[in-house]
Amino acid sequence: MIIEKIFNNNAIIARDEEREEFVVMGRGIAFKKSAGDAVDKGLIEKVFILKQTEASEKFKLLLDDIPTEYVSLCYDIIEYGKNMLQGKLSDFIYVTLTDHIYNAFRLHDRGLANANPLIWEIRKYYPKEYKVGQKALEFIEEVTGNRLPEDEAGNIALHLINAQTNGGSRQVADVARHTQKIHDILNIIKYSYNIELDEQSVSYERFITHLRYFFQRLNKREKVETLDHFLLRQVKAKYKQAYDCVLKIEKYLGLPLSDDEKLYLTIHTHRVTLRETE
């Protein structure tokens, strides 16, 4: 592995024998080194393999501006998140989360906080991601000696949620909007049925998951597989209250839903309210 570029004593860009490019970090890995020198593999602590070209280029620019200790810290948070969420995360999270954490500390040093108005909704609808965010605050405190506000657990969770949808660097705000809409949709159902939903039920968890992917499809303008319209007519007749509720949701969203989306939302609405209405 050969050094391609040196950012500082602890971070470099290197190429292997197959000309693959990596960002490599390690204490003193570039000390008294120059481009073209061999990398001391014994000093390697972290290797960033970013397959998405845009994310890779932005990450390199980030290394020019942000101290490597923040990059290293976020690497550990992201790796922990991958293990806990057991899913693939977009390479962009190395850019977005690192930039966010660095700026969160800059605000913290000035006595300012980055308040998250959706902290309650994130904790409720994305419990796994929120727990990773809480653990991240512990990592940060262990490394820096500073405890960031609890709102940052929610902010970190938003970045993780966005990365699971293969989101780019500008889509974290979309996740926040979708979280608010999920909250509002559940309220529409509760008020329409005049009930409280069982938030511990499998049906509730499945409905939340459906809504998450529903908003992803809307963002990407994807359509679900076309079904027989006869099935929708049957569901409308059998679950009239649930279908009427879906029409309220459609009105709230302010956009026409396909018959397929109405079908799935009707079935999920019926199931999530079934225990309370029987």
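At a glance:
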quantity: Residue identified as in contact with a Gly (Cβ under 7 Å, 6 or more places away or on another chain), of a type in the set (Gly, Ala, Ser) and closer than 22 Å to PHE139 by Cβ among SER72, SER90; calculated: SER90
quantity: Close pairs (6 angstrom Cβ cut-off, 6 or more residues apart or separate chains): within 20 Å of GLU69 (Cβ to Cβ) and not assigned by the TED database to the domain that holds TYR75 in segment 36-47, surrounded by 13 or more Cβ atoms within 10 Å (Cβ to Cβ) and of a type in the set (A, V, I, L, M) anywhere; calculated: LEU43/ILE29; ILE44/VAL24; GLU45/MET25; LYS46/MET25; VAL47/VAL24
quantity: Members of segment 8-67 found to be among the small types (Gly, Ala, Ser) and over 24 Å from the mean Cα position of the chain (by Cα), listed by number; calculated: ALA11, ALA14, GLY26, GLY28, ALA30, SER34, ALA35, GLY36, ALA38, GLY42
quantity: Scope segment 2-48; condition within 19 Å of TYR94 (Cβ to Cβ), basic (Lys, Arg) and open to solvent by 60 Å² or more (accessible area, probe 1.4 Å); matching residues; calculated: LYS5
quantity: Segments classed as helices (runs of 4 or more DSSP H), wholly inside segment 89-177, with at least 1 members that are among the β-branched types (Val, Ile, Thr), touching a residue at least 60 places away in the same chain (Cβ under 8 Å) and open to solvent by less than 50 Å² (accessible area, probe 1.4 Å); calculated: 93-109, 127-144, 151-164
quantity: Output for segment 199-228, where each listed residue is open to solvent by 30 Å² or more (accessible area, probe 1.4 Å), assigned to a loop (DSSP other than H, G, I, E, B) and either of a type in the set (A, V, I, L, M) or modelled with pLDDT under 85 (or both); calculated: ARG221, GLU222, LYS223, GLU225, THR226, LEU227, ASP228
quantity: Flag for GLU196 being part of a helix (DSSP H, G or I) and acidic (Asp, Glu); calculated: no
quantity: Pairs, first on the phi < 0 side of the Ramachandran plot in segment 53-74, second acidic (Asp, Glu), C-beta under 8 Å, six or more apart; calculated: ALA55/ASP91; SER56/GLU21; SER56/ASP91; PHE59/ASP91; LEU62/ASP99; ILE66/ASP99; SER72/GLU45
quantity: Check on ALA173, among the small types (Gly, Ala, Ser) and at pLDDT below 90; calculated: yes
quantity: Residue match in segment 63-72 (condition: part of a loop (DSSP other than H, G, I, E, B) and over 19 Å from THR165 (Cα atoms)); calculated: yes
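The values are calculated or read from the model by the stated rules, or taken from the named source; none is laboratory data. Bear in mind the structure is a predicted one, so any value in this text is a computation, not a measurement. Every residue, glycine among them, receives a Cβ derived from its backbone with ideal geometry; neighbour counts consider all protein chains shown. The accessibility values were calculated without ligands, DNA or RNA, using every heavy atom of the protein model including side chains. Shrake-Rupley method; radii C 1.70, N 1.55, O 1.52, S 1.80 Å.
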